[in-house]
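Please treat every number below as a calculation from the coordinates, not as lab data. Predicted model, so just to flag it, every value in this text is computed and none were measured. Positions of Cβ are generated from backbone atoms using ideal geometry, with glycine treated the same way; all protein chains shown enter the neighbour counts.
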Amino acid sequence: MINRRIRIEKIAIKDVKLRTFITEDSSRNEMVQHVYDITYGTVRKNLDTLVVIDDSIVRGTTLKESIIRMLSRLEPKKIIVVSSAPQIRYPDCYGIDMSKMGDFIAFRAAIELLKDTGQESILQQMLDKCKELQRNNQLHTENIVRQLYKTFTPEDISAKIATLITAPEIRIPVSVIYQTIESLHEACPTNLGDWYFTGNYPTPGGNRVCNRAFMNYMEGKNVRGY
């Protein structure tokens with residue numbers, strides 16, 4: 001029992017001069033492959049489970065193109081990614097430039113789950129509803145995108161995210177654990193800015209941006225929702 005303890009090691013080292021989140025889309029995938037370096041000799045091959053903590057997972061690009069590949073070279077038994085933020089599912093339009101639905105790994109995971117379960121028709125139904133609201137100048141009255149996530153549990157989406165951030169050649173099991181909305185509210189009871197997790201926007205303009213971002217995605221328009 002004395003030897004069964006959690007070990008804390010500096011496994012990955014980040015070059016703080018490189019910021020992938022604010023890099024333009026065309027350069028991000030190339031940059032994320034050069035942001036991190038790795039420490040060898042601390043993980044027992046095929047014995048240790050690596051638990052890595054991320055502050056949030058937005059696109060999943062850095063995890064897939066850099067971190068998971070890098071950690072897999074250490075040959076751990078399993079890799080668990082823990083996000084201190086809940087699943088980021090909706091655009092933000094109050095200062096952070098997160099306005100394209102297709103950028104969100106949680107959104108893409110839900111889309112893949114619809115395909116896996118033969119429920120893709122839900123997307124067209126949502127698009128038709130958005131267009132109806134737009135024709136009636138009511139696009140701001142309801143967040144239609146919330147319907148997408150009602151079909152699956154957060155655990156279903158987390159499991160699909162794990163597959164999306166793991167390259168096909170990686171054989172080591174990867175799982176993702178997110179903080180829940182409930183535990184976030186418990187930890188931050190006086191901070192209510194949770195709309196990119198819950199879709200509960202504080203202003204009607206948030207609903208409008210979210211619905212428009214979904215319409216842009218469905219129509220293949222790679223533009224911002226505002």
Q: Would you grab the residues whose amide H sits under 5 Å from the one on residue 177? Only those 5+ places off in sequence or on another chain, please, with H modelled 1.01 Å from N.
A: 81, 82, 83
Q) How large are Rg and Dmax for the stretch 60-170 when only the alpha carbon atoms are used, in Å? A) 16.6, 56
Q: Give a quick list of trypsin sites (Lys or Arg not before Pro) in the stretch 120-156 that DSSP marks as loop, anything other than H, G, I, E or B, with at most 10 other Cβ atoms within 10 Å.
A: 150
Q) Relative to the Cα centre, what is the charge dipole magnitude of the chain, using +1 at the beta carbon of each Lys and Arg, -1 at the beta carbon of each Asp and Glu, and rounding to the nearest 20 debye? A) 420 debye
Q.
Using a 7 Å offset from the Cα along the Cα-to-Cβ direction at both residue 97 and residue 164, what is the distance between the two label points in nm, to one decimal?
A. 2.2 nm
Q) Per residue Cα convex hull volume for the stretch 121-226, in cubic angstrom? A) 138 Å³
(Q) Please list, in order along the stretch 42-58, the HN-Hα scalar couplings obtained from phi with the Karplus expression 6.51 cos²θ - 1.76 cosθ + 1.60 (θ = phi - 60°), rounded to whole Hz, x for Gly and Pro. (A) 9, 10, 7, 4, 6, 10, 7, 9, 8, 10, 10, 9, 10, 5, 6, 10, 9
Q: Output ³J(HN,Hα) for the stretch 120-137: one whole-Hz value per residue in order, computed from phi by the Karplus curve 6.51 cos²θ - 1.76 cosθ + 1.60 with θ = phi - 60°, and x for Gly and Pro.
A: 4, 4, 4, 5, 5, 4, 5, 5, 4, 5, 4, 5, 5, 5, 5, 4, 9, 6
Q: Can you tell me the 0 to 90 degree angle between the C-alpha axis of helix 204-218 and the longest principal axis of the chain, rounded to 10?
A: 80 degrees
**Q.** the stretch 187-226 - convex hull of alpha carbons, volume per residue in Å³
**A.** 76 Å³
Q | Relative contact order (%) - the chain, alpha-carbon pairs under 8 angstrom, separation at least six | A | 24 percent
Q) Which order do 183, 66 fall in if you start with the one that has the fewest other Cβ atoms within 10 Å? A) 183, 66
Q) So for the stretch 106-155, Kirkwood radius off the Cα pairs, Stokes-Einstein at 4 °C and 1.567 mPa s: how many µm² s⁻¹? A) 111 µm²/s
Q. Per the Debye formula with a single identical scatterer at each Cα and no solvent contribution, what log10 I(q)/I(0) holds for the chain at q = 0.15 Å⁻¹?
A. -1.07
(Q) Which one, 166, 191, 84, projects farthest toward the positive side of the charge dipole computed for the stretch 12-218 from Cβ point charges (K/R +1, D/E -1)? (A) 166
